[in-house]
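The values are calculated or read from the model by the stated rules, or taken from the named source; none is laboratory data. No experiment lies behind these values; they were computed from the predicted model shown. Don't worry about glycine lacking a Cβ; one is built from the backbone with ideal geometry, like all the others, and counts go over all protein chains shown.
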Amino acid sequence: MHPGVLEVTERLRERSSATRQAYLRQMDAAAALPRGRRKLSCGNLAHGMAACGPTDKDRLRMMDEVNVAMVTAYNDMLSAHQPYEGFPEQIRTALRAYGATGQVAGGVPAMCDGVTQGEPGMELSLASRDVIAMGTAIALSHNMFDAALCLGVCDKIVPGLLMGALRFGHLPVVFVPAGPMTSGVPNAEKAAVRQRFAEGKATREELLEVESASYHGPGTCTFYGTANTNQILLEAMGLQLPGASFVHPGTPLRDALTVHAAERAAKLAREGQGQLASILDERALINALVLLLATGGSTNLTLHLVAIGQCAGLQLRWEDMSALSEIVPTLARIYPNGTADINQFQAAGGTAYLFAQLLEAGLLHADVETVAGHGLHLYTREPLVEHGELVWREGPAASLDSTTLRGWREPFLADGGLRLIDGGLGRGVIKVSAVAPEHRKVSAPCRIFHTQEALVAAFEAGELERDLVAVVRFQGPAANGMPELHKLTPYLGVLQDRGFKVALVTDGRMSGASGKVPAAIHVCPEAAAGGPLARLRDGDMVSLDGDLGRLDVAVAPSVWLAREPVEHQEPIRRGWGRELFAFMRGAASPAEEGGSSFTRSLHEADGAPGQ
């Protein structure tokens with residue numbers, strides 16, 4: 001293996017020693033109890049199976065039989081989750097044929113960042129991840145189950161499901177994807193119309209037409225945002241079947257993979273193998289990080305991987321990401337880091353080719369446990385239905401489209417394109433894989449905004465026609481829930497296309513689909529906590545260097561220290577349900593600790609201080 005990967009892994013292992021051991025002790029204690037419903041009283045069990053049919057009741061009375069929980073994020077507003085409507089009955093039928101039973105243990109909310117982008121509901125987006133984790137824990141708390149299937153795909157849903165499931169890590173847990181929608185209008189064409197609309201050169205009807213032609217049917221959106229990044233990382237962690245991520249909904253192969261996922265969960269439970277706590281260790285977390293970097297994946301995962309790690313007693317840091325980014329090459333170009341969509345990526349060789357290349361380069365831990373069996377080499381294969389049976393074959397030996405997917409010897413970039421940003425204005429992250437080299441360094445007077453709407457109004461008033469560092473502060477987890485600021489991308493893109501040097505600096509998030517404008521995001525400490533961004537004033541000369549990872553301000557130290565931080569004038573957040581989440585904002589950890597309301601309680605539960 002590459003010595004750099006081993007070094008980062010060992011640092012993570014040592015740093016996490018106390019919390020990881022405490023977590024594993026908890027899981028061992030849970031595993032030592034009678035499995036599933038075996039400890040329940042007759043009254044408890046009768047409640048748990050009251051609505052089942054006679055055959056399922058007979059099996060549930062047989063304590064050696066396996067009962068599999070389904071935790072579903074189904075709703076029919078999210079295109080990616082609409083296919084899940086029919087999954088429970090399909091899974092129950094498959095499990096009955098296998099001699100087991102299955103029950104929907106609970107449903108979790110699934111909001112769509114694409115619907116709430118730039119809207120008040122976006123302030124609940126990150127908080128929804130922790131709500132989903134709690135919902136997953138409630139679903140599994142009934143102690144009726146020997147294994148679990150997690151039905152979720154999109155942005156905060158997969159991290160939330162995994163965070164909750166990890167607290168039941170003594171169970172086998174398999175993630176069941178639903179697949180991407182077929183390709184529609186190319187993403188680059190959609191982005192161009194968005195910019196024209198921002199300039200007033202396209203009507204709302206024209207914009208809606210192209211958006212609807214892009215997002216047009218059931219399945220995951222086809223750009224490489226957080227949802228599709230989630231899918232690749234689940235395979236990297238060994239929690240999803242090999243090659244299952246990007247098979248279209250409603251196809252025979254999709255159905256066969258869903259059936260096999262159910263059978264696999266039951267088999268692992270019967271054999272007492274595949275417990276989530278043993279699969280998701282420091283090696284699996286590093287494997288996920290390597291895939292994030294090699295594909296130019298969503299910056300949201302710099303939050304989620306940290307939060308996921310904490311739920312498993314693993315103390316991942318941004319420094320680990322930055323160190324690996326220096327040695328992991330970029331092997332994929334998927335929009336917004338290229339022109340291809342996720343279906344073109346899959347056609348070019350997909351995850352099977354990608355895993356093979358990274359294993360050959362020594363950048364992945366191969367000797368790991370997965371839900372498919374032992375060894376990450378299983379993920380160099382791709383599934384197909386042959387003579388009515390689901391089988392796996394070796395993936396392609398060469399990329400079928402070198403403009404989309406390449407081998408490790410001829411990468412698109414020598415590094416992963418993710419940088420840790422540090423300097424006088426705090427710490428954050430920047431993704432430069434989609435930013436042209438000539439745009440990665442910007443030094444210009446800043447213009448400060450406290451809302452997205454204020455920036456848009458300034459753009460429409462013609463006040464931003466110059467070199468500019470746009471600072472949008474008071475957008476962190478404690479301030480307003482850390483909404484994505486993707487609505488700003490077309491406006492900043494227009495300024496960049498007009499020849500201005502433009503950058504964004506914020507303690508908030510950008511969408512996993514953000515691209516060509518350099519953005520220093522997740523800046524810590526956030527302005528609401530008195531971080532350096534709160535001392536900035538309009539006109540200060542701010543410098544962002546994406547290549548060197550620097551974020552500085554040219555203000556004399558004496559002047560800087562004499563300034564009082566601007567206090568957070570909390571915006572009115574009543575209505576739209578936002579007032580219900582004040583307690584979560586108050587408990588939220590900094591972005592570099594995952595922006596989670598669980599951090600303190602997890603450290604207390606694991607019997608070790610935060611590290």
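Here is a check on your reading of the model: is Thr295 farther than 19 Å from Tyr84 by Cβ, in contact with a Phe, Trp or Tyr (Cβ under 8 Å, 6 or more places away or on another chain) and β-branched (Val, Ile, Thr)? It is true that Thr295 is farther than 19 Å from Tyr84 by Cβ, in contact with a Phe, Trp or Tyr (Cβ under 8 Å, 6 or more places away or on another chain) and β-branched (Val, Ile, Thr). Of all residues in segment 497-515, at least one satisfies being in the same structural domain as Gly428 (by TED's automatic domain parsing) and assigned to a helix (DSSP H, G or I). Reported count of residues in segment 516-552, each being surrounded by fewer than 21 Cβ atoms within 10 Å (Cβ to Cβ), over 31 Å from the mean Cα position of the chain (by Cα) and not in a loop (DSSP other than H, G, I, E, B), is 1.
The requirement of being more than 25 Å from Met1 (Cα to Cα), of a type in the set (Val, Ile, Thr), outside the structural domain of Gln315 (by TED's automatic domain parsing) and outside any helix (DSSP H, G or I) is fulfilled somewhere in segment 196-206, by at least one residue. Restricted to segment 393-446, and to residues there that are touching an Asp or Glu at 6+ places or on another chain (Cβ under 8 Å), among the hydrophobic types (A, V, I, L, M, F, W, C) and in a loop (DSSP other than H, G, I, E, B), the residue that is farthest from Gly297 (Cα to Cα) is Leu425. Considering (1) more than 26 Å from Leu162 (Cα to Cα); (2) part of a helix (DSSP H, G or I); (3) not hydrophobic (A, V, I, L, M, F, W, C), the lone condition that Ser322 does not fulfil carries the number (1). With respect to (1) in contact with a helix residue (DSSP H, G or I) (Cβ under 8 Å, 6 or more places away or on another chain); (2) over 17 Å from Ala261 (Cβ atoms); (3) modelled with pLDDT of 95 or more, the lone exception for Gln82 is condition (1). Val435 meets each of the listed conditions (1) out of contact with any strand residue (DSSP E or B) (no Cβ under 8 Å at 6 or more places or on another chain); (2) within 28 Å of Ala556 (Cβ to Cβ) apart from (2). In segment 11-42, the residue that is surrounded by the most Cβ atoms within 10 Å (Cβ to Cβ) out of those that are within 22 Å of Asp320 (Cα to Cα) and free of Cβ contacts under 8 Å to residues at least 12 places away in the same chain is Ser17. Residues in segment 9-22 that are part of a helix (DSSP H, G or I), among the hydroxyl-bearing types (Ser, Thr, Tyr) and out of contact with any Lys or Arg (no Cβ under 9 Å at 6 or more places or on another chain): Ser17, Thr19.
The residues of segment 53-67 that are among the charged types (D, E, K, R) and either in a strand (DSSP E or B) or surrounded by 10 or more Cβ atoms within 10 Å (Cβ to Cβ) (or both), listed by number, are Asp56, Lys57, Asp58, Arg59, Arg61, Glu65. For segment 1-10, the set of residues classified as touching an Asp or Glu at 6+ places or on another chain (Cβ under 9 Å) and either within 21 Å of Leu166 (Cβ to Cβ) or buried (at least 16 other Cβ atoms within 10 Å of the Cβ) (or both) consists of Val8, Thr9, listed by residue number. Among the residues of segment 230-281, which ones are part of a helix (DSSP H, G or I), out of contact with any strand residue (DSSP E or B) (no Cβ under 7 Å at 6 or more places or on another chain) and hydrophobic (A, V, I, L, M, F, W, C)? Residues satisfying the conditions are Ile232, Leu233, Ala236, Val259, Ala277. Taking (1) touching a Ser or Thr at 6+ places or on another chain (Cβ under 9 Å); (2) not in a helix (DSSP H, G or I) in turn, Asp76 satisfies each apart from (1).
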